[in-house]
1. May I ask for the percentage of alpha-carbon pairs in the chain that lie more than 21 Å from each other?
2. Rounding to the nearest 10 and keeping the result within 0 to 90°, find how far the Cα-based axis of helix 15-30 lies from the longest principal axis of the chain.
3. Return the calculated 222 nm mean residue ellipticity for the chain, to the nearest 500 deg cm²/dmol, obtained by summing -39500 (n - 2.57) across DSSP H runs with n ≥ 4 and dividing by the residue count.
4. By how many degrees, between 0 and 90 and to the nearest 10, does the Cα long axis of helix 59-70 differ from the longest principal axis of the chain?
Amino acid sequence: MIVLQGYIVVPPADLEAVRAALPRHADLTRREAGCLKFEVTPDEADEYRFNVYEEFADQASFEAHQQRVQDSDWGRVTVNVARHYEIDGLD
């Protein structure tokens with residue numbers, strides 16, 4: 001199993017676009033083969049930070065997710081987002 005956890009920090013100018021794109025991104029991700037859990041939640045103390053927790057069944061499903069995201073609306077909307085992740089389970 002692959003577990004990604006951490007957070008993203010959204011630039012103020014991109015906040016509304018990220019908020020608008022997040023529900024569709026989450027829905028598409030949860031439908032992916034091998035996605036066991038996917039949570040992106042606003043941080044209670046910082047409006048520009050979103051906490052991220054993902055579980056994928058294996059490395060192949062995790063890598064397929066990463067590839068899909070690169071070519072998605074979410075990937076374009078979050079191009080300026082700072083990502084702070086730890087990933088466990090990768091080879």
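1. Numbers: 1054 of 4095 pairs.
So the portion of pairs separated by more than 21 Å is 26 percent.
2. Roughly 20 degrees between the two axes.
3. Details: 3 runs with 33 residues, N = 91.
About -11000 deg cm²/dmol.
4. In the chain, helix 59-70 runs at an angle near 30 degrees to the longest axis.
Just so you know, all these numbers are worked out from the coordinates, no wet-lab data involved. Here the structure is a predicted model, which is why all the values come from computation and not from measurement.
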